[in-house]
Amino acid sequence: MATGSAPRDGENNGTDAASVVYEHVTKRYPGQESPAVQDLSLEVPAGEICVLVGPSGCGKTTAMRMVNRMVEITEGDIKVGGTSVRDRDAADLRREIGYVIQQVGLFPHRTVAANIGTVPHLLGWQHDRIAARTSELLDLVGLGADLGDRYPAQLSGGQQQRVGVARALAADPHVMLMDEPFGAIDPIARERLQNEFLRLQGEIRKTVLFVTHDIDEAIKMGDRVAVMKNGGHLAQFATPAELLMDPADDFVEDFVGADRALKRLSLMRVSDIDLWEAPLAFVGQATSEVKLKLHRAEVPHVLLVDSQRRPLGWLSERDLAGEVVPEHPDSPAEPRLDRDDVMRDALANLLQSETQYAAVVDASGEIDGVLSVEIISEFLGSPEAREEEHPAAERPHD
Amino acid sequence: MTTLQLAPTADFGIFGDAIHLIFHGQQAQTAGRTVGGISAIWDLTLTQLKVTGLAMGCGMLIALPAGVILGHFGRGEFLAISIGNLGRAVPELGLIIFMASAIGVGVLNLTIALTILAIPPMLTNSFVAMRQVDRDTVQAARGMGMTTREVITAVELPLAIPTIMGGVRTSSTNVVATATLGPLAGVLTLGDLILQPAVYGQQGVVAGAICVAVLALILELCLAGVQHLLTSPGLRLARASA
Amino acid sequence: MIEALPYAAVVLHNRTNESGCVPDNGLFCPSWAADNWHDFVTPSLQHLVLVAVPILLGFVIALGLAIVAHRRRWLMPPILGATGALYTIPSIAFFFLLTPLIGRGRETAIIALTVYTLQIIFRNILAGLDNVPAGAKDAGRGMGLTQNQLLWGVELPLALPEIIAGLRIAIVSTAALATLAVFVGGGGLGTEIFTGSKVFNTRLIMASLLVMAIAFCFDGLLLLLQRLVTPWRRAVPA
């Protein structure tokens, strides 16, 4: 059931991240017939995000909380960085593991800075070291340094959640445990937080165990996804792409959703597709030349570009009625997409703008090609799309 | 200033004497007649209960409606809370003696003094109890078309009962305790045993203390039972699981 | 039936030929108060001790009981019941149940007054601990705080407002109750109220007002203390 290969321990990108290995872990609560977690075995390589996803009551949170012994293991073992969690004193173990929960759980009676400094303080760090680390972390999670003296009650939900993440990172833990950390935030802020966390992860590369009930979040955030079903069973452990293309059974297929194809778009960038070409025109060019190009083009509209081939707008028939190409086109070059945009967002832009074609530019702003809904649907239907593997390491994100 | 002393010089025997005094009576220390005995004790107890009952009745008539109505409309918070604070700070001994001095002795005057004592906790508690009823529940009730009277009687009061009864129980504890000092206002309650060692002897003092303690505990149990009866089962469950 | 006690009838009647506030036993005679205020100094100081010591002792004991009951929930009803029963017994009765065992005097009064504070403080500490946000406790444990570190560093500080509220109620009640210490020879302002001789209104009123003043001073001090130790409550929400 567990598919996908994992890089060996030691290949951890030179950070302190440790691997997390579940070995036949079972959790039974006294007085309950069926176990909360049943014979769970999986390996999370160091530096990767593993998302535990599943319906309510499937045991994903219980499984995560066994890593830092908030829930004690009944059978089996969990090894963090090769050492069993049972061999460590619980409080000591937890100080080396970052812990972020849905309600955040900031201490209301302490300032933001004091909250962040909680574990370093427990570990006996010097005062200046804690202060330096706190400002470093506030910067890392995108908060102003002046927020350090505020109290949690003075922060918005999104800000509190960021402080929660900063607090968990304070002592530079080997492993991060996150239990629906963005669940209580509004969708707009949630997306921003997700993107920022992915950006952060790109920099610091921690081993993260992330619990969510939202399959879309799992696919977006996870390098590897463990789908669990009721009764604490592991249904499938694979990369998001494998999950979408090759669900292990009916449950996983249902859970992932009928819109698997659409979900795959969030794994792709615009640059992954072959774009069409639009005929280009420069200001002052003779329209006769342009009309000639138009005749043979894939895209039946002309794009006006400047001398650096940056799009200025689409030319209408009226524009081309004159002798030379005018300076100001009738239609603006909207929407303007980037090569590196996530395909799903690009599609959303296209549909929203009610145009058929969108100009795609590269990093310097130069025209790269044109995207349309037709191109996307053609691609999704193609045999090439079915076979292509999208390596877990390259995650598109804003 | 005497220092603390416990056994062996502690006088445990006096408790035995006190019990004897309660049930069988004894020779008075002064005049040569029998004092104590069950029927005399019972009379004193009844007087104490009577005064307590009167004071609590009047107090409840004044404090509960005031607190409930003020609490429902959210008015007079400062007054309700301040009266509660003031009432707590008033020394009962001073109140009784002052009342006796200012308006005279007798059951009526004692009752007035005790009523004044009874009002503050009940006023504050019923006010706070009404304020603490979940606003959403009240909104829902209004939304269903209940009139003010119906909202108060059918929704707010049942939910406020535990805290209101808490105030009643606090008041009654205070009143029955202060009623012990009734003799200072010319009313013979169980305090007579305590305040007249010349007549009843030291064992009388202890006897009085025992009787008053037992009386207060029984009263409290009864009121706890009343509260239990008045509290809806659903509310009891909710509070138990909270 | 024994005749009614002579105390109540001992109201100061004007048997002299003079008139004026004092001989007429007027409600409050400012001149007498001004002349005789030093009568009240010692009783007031005694009263302060009779209030401060029971509160401190009661707080320590109640805190210990509350921490135990917080960790072992099943102990809560018995402790609540015991402290409640002791609270229900009228203090004057309690004084006289103690005297055969430990004698009269200030210590007896202090012990009885301490027992009186237990129920309210115990209840309030527990209520405060129960109101600590569950998220903060879970996060605290998850970060590696030991049980004690969680209790002293997170739970008790967050319970402070309720704890201090309980202390305020207890201290005001104790100030009033401490007047009864006179019955066991414990001193305090009760000696100026129940003088054993004829009732002189001004003395009575002054003593009672002083009792209330002490009560409110302590109350105010505790309120200030609460403001000092809970700076986060003053922070204006975003």
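Yes/no matrix, rows are residues, columns are (1) surrounded by 21 or more Cβ atoms within 10 Å (Cβ to Cβ); (2) touching a Ser or Thr at 6+ places or on another chain (Cβ under 6 Å); (3) in the same structural domain as A:Val112 (by TED's automatic domain parsing); (4) touching a residue at least 12 places away in the same chain (Cβ under 8 Å):
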| residue | (1), (2), (3), (4) |
| --- | --- |
| A:Asp149 | no, yes, yes, yes |
| A:Gly158 | no, no, yes, yes |
| A:Gly164 | yes, no, yes, yes |
| A:Arg167 | yes, no, yes, yes |
| A:Ala171 | yes, no, yes, yes |
| A:Phe182 | yes, no, yes, yes |
| A:Lys229 | no, no, yes, yes |
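Which residue, of B:Gln203, B:Gln227, is buried (at least 24 other Cβ atoms within 10 Å of the Cβ), polar (S, T, N, Q) and more than 24 Å from B:Phe98 (Cβ to Cβ)? Show your work before the answer.
Working: B:Gln227 fails: buried (at least 24 other Cβ atoms within 10 Å of the Cβ).
Only one candidate passes the filter, namely B:Gln203.
Please go through the stretch C:144-154 and pick out each residue that is buried (at least 22 other Cβ atoms within 10 Å of the Cβ) and in contact with a Gly (Cβ under 9 Å, 6 or more places away or on another chain). Talk me through it step by step, then tell me what you get.
Narrowing the stretch C:144-154 to residues buried (at least 22 other Cβ atoms within 10 Å of the Cβ): C:144-145, C:154.
Those that are buried (at least 22 other Cβ atoms within 10 Å of the Cβ) and in contact with a Gly (Cβ under 9 Å, 6 or more places away or on another chain): C:Leu145, C:Val154.
A:Asp338: among the acidic types (Asp, Glu) and without any contact (Cβ under 8 Å) to a residue 60 or more places away in the chain, yes or no? Break it down into steps so the answer makes sense when it comes.
Values: among the acidic types (Asp, Glu): yes; without any contact (Cβ under 8 Å) to a residue 60 or more places away in the chain: no.
For A:Asp338, the condition - among the acidic types (Asp, Glu) and without any contact (Cβ under 8 Å) to a residue 60 or more places away in the chain - is not met.
Residues are listed down the side, and each one gets a yes or a no for (1) more than 11 Å from chain C (Cβ to nearest Cβ); (2) in contact with a strand residue (DSSP E or B) (Cβ under 8 Å, 6 or more places away or on another chain):
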| residue | (1), (2) |
| --- | --- |
| A:Ala46 | yes, yes |
| A:Thr74 | yes, yes |
| A:Ile78 | yes, yes |
| A:Ala91 | no, no |
| A:Tyr99 | no, yes |
| A:Leu106 | no, no |
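Restricted to the stretch C:54-101, and to residues that are more than 17 Å from the chain's Cα centre (by Cα) and of a type in the set (Val, Ile, Thr), which residue is nearest to B:Leu193 (Cα to Cα)?
Residue satisfying both the conditions and the ranking: C:Thr99.
Out of the stretch A:162-194, which residues are more than 27 Å from A:Val85 (Cα to Cα) and of a type outside the set (A, V, I, L, M, F, W, C)?
Selection gives A:Arg162, A:Gly183, A:Asp186, A:Pro187, A:Arg190, A:Glu191, A:Arg192, A:Gln194.
In the stretch A:270-319, which residue that is closer than 30 Å to A:Gly222 by Cβ and out of contact with any helix residue (DSSP H, G or I) (no Cβ under 6 Å at 6 or more places or on another chain) is surrounded by the fewest Cβ atoms within 10 Å (Cβ to Cβ)?
Selected residue: A:Asp274.
Kindly provide the set of residues from the stretch A:252-270 that are over 17 Å from A:Ala226 (Cβ atoms) and modelled with pLDDT of 85 or more, ordered by number.
Passing the criteria: only A:Val270.
Answer yes or no as to whether C:Ala112 is under 15 Å from the mean Cα position of the chain (by Cα) and closer than 19 Å to B:Val176 by Cα.
Working: under 15 Å from the mean Cα position of the chain (by Cα): yes; closer than 19 Å to B:Val176 by Cα: yes.
Judged against the criteria, C:Ala112 is a match.
Could you tell me which residue of the stretch B:196-221 is farthest from the other protein chains (Cβ to nearest Cβ), considering only residues that are touching a Phe, Trp or Tyr at 6+ places or on another chain (Cβ under 8 Å) and in contact (Cβ under 8 Å) with a residue 12 or more places away in the chain?
We begin by selecting, within the stretch B:196-221, every residue touching a Phe, Trp or Tyr at 6+ places or on another chain (Cβ under 8 Å); these are B:205-210, B:213.
Applying the additional criterion that residues be in contact (Cβ under 8 Å) with a residue 12 or more places away in the chain yields B:205-210.
Numbers: B:Val205: 5, B:Val206: 6, B:Ala207: 9, B:Gly208: 7, B:Ala209: 4, B:Ile210: 7 Å.
Going through the qualifying residues, I end up with B:Ala207.
Just to check your reading of the model, which residue among C:Thr230, C:Thr191, C:Thr195, C:Thr179 is within 10 Å of chain A (Cβ to nearest Cβ) and among the hydroxyl-bearing types (Ser, Thr, Tyr)? Talk me through it step by step, then tell me what you get.
Values: C:Thr191 fails: within 10 Å of chain A (Cβ to nearest Cβ); C:Thr195 fails: within 10 Å of chain A (Cβ to nearest Cβ); C:Thr179 fails: within 10 Å of chain A (Cβ to nearest Cβ).
Only one candidate qualifies: C:Thr230.
Is the stretch C:98-111 home to any residue that is surrounded by fewer than 22 Cβ atoms within 10 Å (Cβ to Cβ), at the interface with chain B (Cβ under 7 Å from one of its Cβ atoms) and hydrophobic (A, V, I, L, M, F, W, C)?
Yes, some residue in the stretch C:98-111 is surrounded by fewer than 22 Cβ atoms within 10 Å (Cβ to Cβ), at the interface with chain B (Cβ under 7 Å from one of its Cβ atoms) and hydrophobic (A, V, I, L, M, F, W, C).
For the stretch C:211-222, check the following and say yes or no: at least one residue is at the interface with another protein chain (Cβ under 10 Å from one of its Cβ atoms) and not in a helix (DSSP H, G or I).
No - not one qualifying residue is present in the stretch C:211-222.
Would you please name the residue that is surrounded by the most Cβ atoms within 10 Å (Cβ to Cβ), looking only at residues in the stretch C:126-143 that are closer than 17 Å to A:Gly183 by Cβ and out of contact with any Pro (no Cβ under 8 Å at 6 or more places or on another chain)? Write out each step before concluding.
Within the stretch C:126-143, the first condition is being closer than 17 Å to A:Gly183 by Cβ, and the residues that meet it are C:133-135, C:138-139, C:142.
Subsequent filtering for residues that are out of contact with any Pro (no Cβ under 8 Å at 6 or more places or on another chain) retains C:134-135, C:138-139, C:142.
On the way: C:Ala134: 10, C:Gly135: 18, C:Asp138: 18, C:Ala139: 25, C:Gly142: 22.
Looking at the filtered set, the residue picked out is C:Ala139.
From C:Thr108, C:Thr114, C:Thr42, C:Thr83, which residue is of a type in the set (Val, Ile, Thr), part of a helix (DSSP H, G or I) and in contact with a Phe, Trp or Tyr (Cβ under 6 Å, 6 or more places away or on another chain)? Give the steps one after another, and end with the answer.
Values: C:Thr108 fails: in contact with a Phe, Trp or Tyr (Cβ under 6 Å, 6 or more places away or on another chain); C:Thr114 fails: in contact with a Phe, Trp or Tyr (Cβ under 6 Å, 6 or more places away or on another chain); C:Thr42 fails: in contact with a Phe, Trp or Tyr (Cβ under 6 Å, 6 or more places away or on another chain).
Among C:Thr108, C:Thr114, C:Thr42, C:Thr83, only C:Thr83 is of a type in the set (Val, Ile, Thr), part of a helix (DSSP H, G or I) and in contact with a Phe, Trp or Tyr (Cβ under 6 Å, 6 or more places away or on another chain).
The values are calculated or read from the model by the stated rules, or taken from the named source; none is laboratory data. These figures come from a predicted structure and were not determined experimentally. Note that each Cβ is placed from the backbone with ideal geometry, even for glycine, and that neighbours are counted across all protein chains shown.
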